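Working notes, structure below.
FYI, it's all coordinate maths here, none of it is from the lab. All of these numbers come straight from a predicted model, not from anything done at the bench. Every residue, glycine among them, receives a Cβ derived from its backbone with ideal geometry; neighbour counts consider all protein chains shown.
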Amino acid sequence: MARTYVVTGSASGIGATTAKLLNERGERVIGVDLRGADVEADLSTSQGRIDAAARAVELAGGTIDAVIACAGISAPIPKTISVNYFGVTELLQHLRPALAKSAAPRAAVVSSMASLQPNSPEMVEAALSGDEAEALRIAEGLTAQGPELGYLVYPASKRALARWVRRTSITPEWAGAGIPLNAVAPGTVVTPMTAGLLETAEGRAMVDAAVPMPLNGHQPPESIANLLIWLTSVENSHLAGQVIYDDGGADATLRGDDIWSWND
Ligand code: NAD
């Protein structure tokens, strides 16, 4: 029987590819995006998240089998923390009751290998404590100082999201309710988000220096979409709280072979 998926960012890039592949498999997809989706909503605002969840649950008929949250922006602007962190975490919290009604509920979100990059620990802490106003205040302070500091907002949003997934996935509301919650952390994916950067040799050199991808280089959106689909499939019974670096080897290149020293 077809499962009902809510896919955010369904109008472009990774979200659009995920929705297309799910549709091809006969699953039911409720797309959420600013425009060109079943549910048109702005996930940068708290009301937009409430409205999006209410409409998605209504369209689903009350029960949602899986949520795949892809909507995001990379601009060095304060809104990036709102869309990438609160637009994912609050929406998932609003959708959780409808997910809990499924026989095999699953959720997956899109972080980034950028979560490994320098960011703003203060903004990460503000986000994790649920204080959007404070996170925005810190982001505004950084972006006011120019694009170099403004760029810290994106990796901060993805670090906070990855940490939220780890701490939230093991709580009674998620693992305890039988809902696997995980994140995928892509490398450089060829989508409208990166098209401008990858157009010039200079842009490509900059990206490749920051995101080394020894396995097959820049990746197609399908490489992420297929993993998101597996993570939210019935087959995933025990994978929880993971941030999976599906990044052509960028994480292994940058962090090396010892990520266990925290307990040595
Ligand atoms: P994309 O720009 O092609 O698609 C993003 C989608 O999110 C768009 O359809 C956009 O309209 C939607 N969106 C943006 N703001 C929104 C809002 N306020 N409310 C509702 N929808 C909104 O980008 P993509 O490359 O497909 O990125 C998808 C996700 O993957 C993002 O979270 C991004 O940060 C992450 N990511 C991308 C890359 C990459 O290299 N492309 C790498 C790592 C992580």
Problem set entry | Peptide ranges 87-94, 172-179 listed from the most packed, as the mean C-beta count within 10 angstrom indicates | 87-94, 172-179
For this session: Compute the long axis of helix 46-60 from its Cα atoms, compare it with the longest principal axis of the Cα atoms of the chain, and write down the angle in degrees, 0 to 90, nearest 10.
Result: 40
Exercise. What whole-number value in cubic angstrom gives the convex hull volume per residue for the C-alpha atoms of the chain?
Worked result: 130
Problem set entry | Simple spin-label estimate for Leu198 and Asn226 in nanometres, 7 Å along Cα-Cβ | 1.7
Seminar exercise, completed: In whole percent, the Cα-Cα distances of the range 86-129 spread across 5 Å bins from 0 upward as 5, 16, 20, 23, 14, 10, 8, 3, 0
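Please give the peptides 237-244, 49-56 ranked by average Cβ packing (other Cβ atoms within 10 Å per residue), highest first, as a rough proxy for protection. Display every interim value, and only then the final one.
Working: 237-244: 15.8, 49-56: 20.8.
Output ranking for 237-244, 49-56: 49-56, 237-244.
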Exercise. When the label point is put 7 Å from the Cα of Arg25 along its Cα-to-beta-carbon vector, which residues of the range 67-99 have a backbone N closer than 15 Å?
Worked result: 67-69
Problem set entry | Residue of Asp38, Asp251, Asp131 that the Gaussian network model of the chain assigns the largest fluctuation, springs spanning Cα pairs under 10 Å | Asp131
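At R0 = 25 Å, how high is the FRET efficiency between Glu140 and Val234 if r is their beta carbon distance? Nearest 0.05 is fine. Could the numbers behind the result be given before it?
Details: r = 43 Å, r/R0 = 1.74.
The computed FRET efficiency comes out at 0.05.
Percent of alpha carbon pairs in the range 120-238 separated by more than 20 Å? Don't skip to the end; give the middle numbers.
On the way: 4123 of 7021 pairs.
Beyond 20 Å sits 59 percent of the P(r) for the range 120-238.
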For this session: Please give the length that would be gained between Arg35 and Arg166 if that part of the chain were fully extended, namely 0.36 nm times their separation in residues minus their C-alpha to C-alpha distance (nm, one decimal).
Result: 44.1 nm
Exercise. Considering only the other residues whose Cβ falls under 12 Å of the Cβ of Val39, what net charge follows from Lys and Arg at +1 and Asp and Glu at -1?
Worked result: -3
Exercise. What is the distance in Å between the Cα centres of the range 34-49 and the range 143-216?
Worked result: 21
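State the three equivalent ellipsoid semi-axes of the range 175-253, derived from the C-alpha gyration tensor as the square roots of 5 times its eigenvalues, in descending order and whole Å.
On the way: eigenvalues 172, 31, 18 Å².
Values for the range 175-253, descending: 29, 12, 9 Å.
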